[in-house]
1. Here are some conditions: (1) out of contact with any Gly (no Cβ under 7 Å at 6 or more places or on another chain); (2) at pLDDT 85 or above; (3) part of a loop (DSSP other than H, G, I, E, B). Glu124 meets all but one. Which one does it not meet?
2. Being surrounded by 13 or more Cβ atoms within 10 Å (Cβ to Cβ), modelled with pLDDT of 80 or more and more than 26 Å from Thr58 (Cβ to Cβ), is that true of even one residue in segment 132-143?
3. Among all residue pairs at least 6 apart or on different chains, which show Cβ distances below 8 Å where the first residue, located in segment 118-131, is outside the structural domain of Tyr69 (by TED's automatic domain parsing) and the second is surrounded by fewer than 14 Cβ atoms within 10 Å (Cβ to Cβ) and not in a loop (DSSP other than H, G, I, E, B)?
4. Take the conditions under 16 Å from the mean Cα position of the chain (by Cα) and either at pLDDT below 85 or surrounded by 13 or more Cβ atoms within 10 Å (Cβ to Cβ) (or both) and apply them to Gln37. Does it pass?
5. Name the residues in segment 56-91 that are closer than 15 Å to Pro123 by Cα, in contact (Cβ under 8 Å) with a residue 60 or more places away in the chain and surrounded by 16 or more Cβ atoms within 10 Å (Cβ to Cβ), would you?
6. Residues that are closer than 12 Å to Glu136 by Cβ and among the aliphatic types (A, V, I, L, M): which helices (runs of 4 or more DSSP H) entirely in segment 51-111 hold 1 or more of them?
7. Just checking, does segment 63-75 include any residue being at pLDDT 85 or above, in contact with a His (Cβ under 9 Å, 6 or more places away or on another chain), in the same structural domain as Val138 (by TED's automatic domain parsing) and not charged (D, E, K, R)?
8. Would you be able to say whether some residue in segment 90-101 is among the charged types (D, E, K, R) and more than 15 Å from the chain's Cα centre (by Cα)?
Amino acid sequence: MERPGSAISDATVVVFVLLLGGMFWLFTWLPSLKLRQEIGEWVVPPEYVGLRNQVEFTPDVMQRAREQYLFTCAKCHGFLTEGDGPQYQLLIPRPLPWSSREVNAQSEGALYYKIWAGRGDMPEYGSRATEAEIWELVHYLKQVPHLPGHYNRLDPDRPRLNDGDPLRSRQNTTVTPIPLIQPSR
């Protein structure tokens with residue numbers, strides 16, 4: 001609405017505010033995007049590379065780790081650990097599927113460090129989770145991509161058997177059935 005004697009209309013004010021907001025977004029977001037793209041390789045300190053998992057592998061550990069994963073990790077890493085969670089498109093670099101060669105080639109200690117320290121868009125969990133909880137997640141991370149089947153996204157009630165992909169059906173891998181859980185929180 002124009003006031004008598006005023007040459008500025010409401011539309012002009014709205015356009016000005018939108019332009020100002022767009023310029024603010026460009027000046028604040030673009031530099032952070034450049035920094036996020038320049039992160040480079042994730043270097044793990046040598047003292048972590050040789051660490052072995054400190055938590056004994058049990059079905060209860062897998063159950064707790066699965067709950068922890070679904071509560072904290074799935075939004076980025078995906079509900080099936082394929083790196084395609086609801087927020088993955090906002091992340092640079094994008095999370096890798098846990099069945100990828102790059103993830104499977106890493107030691108337990110390296111995975112522990114990455115969860116503990118975080119980097120870029122990957123939050124650090126060293127101050128949020130106990131050491132045992134992080135080691136449980138490492139067990140889950142190492143086991144889940146190698147279970148003999150996975151869920152069919154189109155029909156979640158009918159699990160799809162693994163088609164023999166060596167990355168997903170590695171021999172001599174301990175397979176622990178993980179029942180679907182009801183939220184207990």
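The values are calculated or read from the model by the stated rules, or taken from the named source; none is laboratory data. None of the values given here were measured: they were computed from a predicted structure. Please note: Cβ atoms are built from the backbone with ideal geometry, for glycine as well, and neighbour counts cover all protein chains shown.
1. Checking Glu124 against (1) out of contact with any Gly (no Cβ under 7 Å at 6 or more places or on another chain); (2) at pLDDT 85 or above; (3) part of a loop (DSSP other than H, G, I, E, B), the one that fails is (1).
2. no
3. Once the first residue is outside the structural domain of Tyr69 (by TED's automatic domain parsing) and sits in segment 118-131, no partner that is surrounded by fewer than 14 Cβ atoms within 10 Å (Cβ to Cβ) and not in a loop (DSSP other than H, G, I, E, B) comes close enough.
4. no
5. Within segment 56-91, Gln68, Tyr69, Cys73 meet the criteria.
6. Correct list: 59-68.
7. yes
8. yes
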